[in-house]
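What follows is a set of notes on a single structure, which appears directly below.
Quick note: the coordinates plus some simple rules give every number you see, no bench work behind them. Just so it is clear, the structure is predicted and the values come from calculations on it, not from any experiment. Here the Cβ is made from the backbone with ideal geometry for all residues, glycine too, and neighbour counts use every protein chain on show.
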């Protein structure tokens, strides 16, 4: 069960990073996010 949860969390993290990375700097700025924040946001911090 823990393995499945870890896999799902990993997939959600990667999807979030991928989607945020596709945004332009302007779009990220509109959200109040910098490129350096993407990994932290994807981790849910």
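Does residue 42 count as surrounded by fewer than 10 Cβ atoms within 10 Å (Cβ to Cβ) and either part of a helix (DSSP H, G or I) or touching a strand residue (DSSP E or B) at 6+ places or on another chain (Cβ under 7 Å) (or both)?
Criteria not met by residue 42.
Of the residues that make up the stretch 3-24, is at least one in a loop (DSSP other than H, G, I, E, B), loosely packed, with under 11 Cβ neighbours inside 10 Å and at positive phi?
No, because not a single residue in the stretch 3-24 is in a loop (DSSP other than H, G, I, E, B), loosely packed, with under 11 Cβ neighbours inside 10 Å and at positive phi.
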